[in-house]
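> Here it is: the structure, laid out below.
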Amino acid sequence: ISHMHIAGVSVFGGTPPNEDEMQALLASKLDRIPRYRQRVRSVPLELGRPVWVDDPDFNLAFHVRSTALAEPADDEALCRLMGRLMSQELDRDRPLWEVWIVHGLPDDRWALVSKVHHCMVDGIAGVGLLEALLDIDPDAEVADPVPWHPRPEPSGPAMVFDAWGGLLSDLAGTARHLPDQIRDPLGTIRSLAATGQGLLRFGQGMSSTPQLSVEGTIGPHRVWAHSSATIEDVKRIRKSLGGTLNDVVLTAVANGYRELLLTRGDDLDGVELRTLVPVSVRGEDAAGETANKVSAILYDLPVGMADPVERLAAVRAQMTDLKASHMPEAGDAVTSFANLLPPMLVGNTSRLAVRYMQSRPQRSLDTVTTNVPGPQFPLYCLGREMLEHLPFVPISHGLRVGTAILSYNGNLAFGVTGDFDTAPDVAIVARGIAAGIDQLLERAD
């Protein structure tokens, strides 16, 4: 069961605010993120895509909640709490988000757990929302909320009309590019060839992988662990051993999974761990959008290599090859094409495909790895500085473990999600990632 929650733990110093203060802060910001007061409604008979409508019963108090760590109130208690919160489904009849004020963290700290459904935002947009909700000025005052009145929910026929109007608008937008493509036939041919190459590479990458313990069915419950590193240390490694910052990070992630698989007794002789890596295809003119704008590449983590420098070299070589693969462009083209198909065809086909895949073992992917750049300056919540932001990535059918990476104010945070029943030991991955950075740093020095 995949809940598809994107989430994060924002850790602050000082005294935590109460729910009334947090509600007042959010109320002053909601005009910037109208989706937070909307809910999903299906179009009758699936004659259109699901639509967002204003929630006439929107109540901010429902989405802001408080809790405290169980004794002993340590980092393990925070990880257990995060796993429990992420195991609970969001109410589909309300806006698909909530925040939790968490009291009792060690060293006079508290946390804010933000949880939002993936259908509302992708990782990049999620960071944008974080910046919108928090302040860059520690002395910022809470503004009065902008008056808001929910628009009436459209009738069934109106939903169908609007949905098909949106589809026709998308078709018209696509048609507007035809004259440019006709004027530049060579460019059009090159674009089609690149997309075809990307589709071919993606198809080749979906071949079956060796059987590993991180694959298989999942249940509804989650576990979570985290670790961290400094961007300065990653830069030192990159400068000494070569590659990009992303190459260094993926090498460390490979070490985390290597240690997990070795602990479980998996045979790693020559084994690579295939991960799905979401890639943003958000254009420069998409700033401020919250809709999903992602494609993906397939990447084989060299977990079979024991030497960290050799592992980094393998990561670099593969990443150089993938940059010319056109996988992200192919994924974006498929998504754009699907958006132009009649909704009832897409809905029925998608459900049949999901049922078919869930009835069979998933042997093409082993895990998922997301890497999202965050703000490199401090953010504040009601005058309290955010000390770190720890990410959470959802897992899905066949992927029992996933890793999220997020940078904030000079630090890198790694959040590792696991299935409660089949991957309760994800803390090994988190510790292994940090150890992978240390190994590379030692070789660099």
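> Return the residues of segment 245-267 that are polar (S, T, N, Q), modelled with pLDDT of 95 or more and open to solvent by 20 Å² or more (accessible area, probe 1.4 Å); say none if nothing qualifies.
Scanning segment 245-267 gives a single hit, Thr263.
> Given the criteria among the polar types (S, T, N, Q), open to solvent by 60 Å² or more (accessible area, probe 1.4 Å) and at pLDDT below 90, does Thr290 qualify?
Answer is no for this residue.
> Out of (1) crowded, with 23+ Cβ neighbours inside 10 Å; (2) under 14 Å from Ile6 (Cβ atoms); (3) hydroxyl-bearing (Ser, Thr, Tyr), the odd one out for Thr367 is which?
(2)
> Still on this structure, I have one more. Of Gly270, Gly242, which residue is more than 19 Å from the chain's Cα centre (by Cα), open to solvent by 10 Å² or more (accessible area, probe 1.4 Å) and touching a residue at least 40 places away in the same chain (Cβ under 8 Å)?
Among Gly270, Gly242, only Gly242 is more than 19 Å from the chain's Cα centre (by Cα), open to solvent by 10 Å² or more (accessible area, probe 1.4 Å) and touching a residue at least 40 places away in the same chain (Cβ under 8 Å).
> Only one of these is open to solvent by 30 Å² or more (accessible area, probe 1.4 Å) and either in contact (Cβ under 8 Å) with a residue 60 or more places away in the chain or under 21 Å from the mean Cα position of the chain (by Cα) (or both): Pro50, Pro95, Pro56, Pro72. Name it.
Step by step, each of Pro50, Pro95, Pro56, Pro72 is checked, and only Pro56 is open to solvent by 30 Å² or more (accessible area, probe 1.4 Å) and either in contact (Cβ under 8 Å) with a residue 60 or more places away in the chain or under 21 Å from the mean Cα position of the chain (by Cα) (or both).
> From Arg84, Arg39, Arg94, Arg65, grab the single residue that is assigned to a strand (DSSP E or B) and closer than 14 Å to Lys115 by Cα.
The unique qualifying residue is Arg65.
> Specify which of the listed residues (Leu105, Leu78) is open to solvent by less than 40 Å² (accessible area, probe 1.4 Å) and more than 21 Å from the chain's Cα centre (by Cα).
Leu105
> Another question, if that's okay. Which of (1) within 18 Å of Met86 (Cα to Cα); (2) crowded, with 20+ Cβ neighbours inside 10 Å; (3) among the hydroxyl-bearing types (Ser, Thr, Tyr) is the odd one out, the single condition Ser407 does not satisfy?
(1) is the only condition that Ser407 fails.
> If we scan segment 219-239, do we find a residue that is among the small types (Gly, Ala, Ser), open to solvent by 60 Å² or more (accessible area, probe 1.4 Å) and either modelled with pLDDT of 90 or more or within 23 Å of Gln376 (Cβ to Cβ) (or both)?
Checked segment 219-239: at least one residue is among the small types (Gly, Ala, Ser), open to solvent by 60 Å² or more (accessible area, probe 1.4 Å) and either modelled with pLDDT of 90 or more or within 23 Å of Gln376 (Cβ to Cβ) (or both).
The values are calculated or read from the model by the stated rules, or taken from the named source; none is laboratory data. Nothing here was measured: the structure is a model prediction, and the numbers come from that model. FYI the Cβ positions are ideal-geometry reconstructions off the backbone, even for glycines, and counts take in every protein chain you see. Surface accessibility is based on the protein's heavy atoms, side chains included, excluding ligands, DNA and RNA. Shrake-Rupley method; radii C 1.70, N 1.55, O 1.52, S 1.80 Å.
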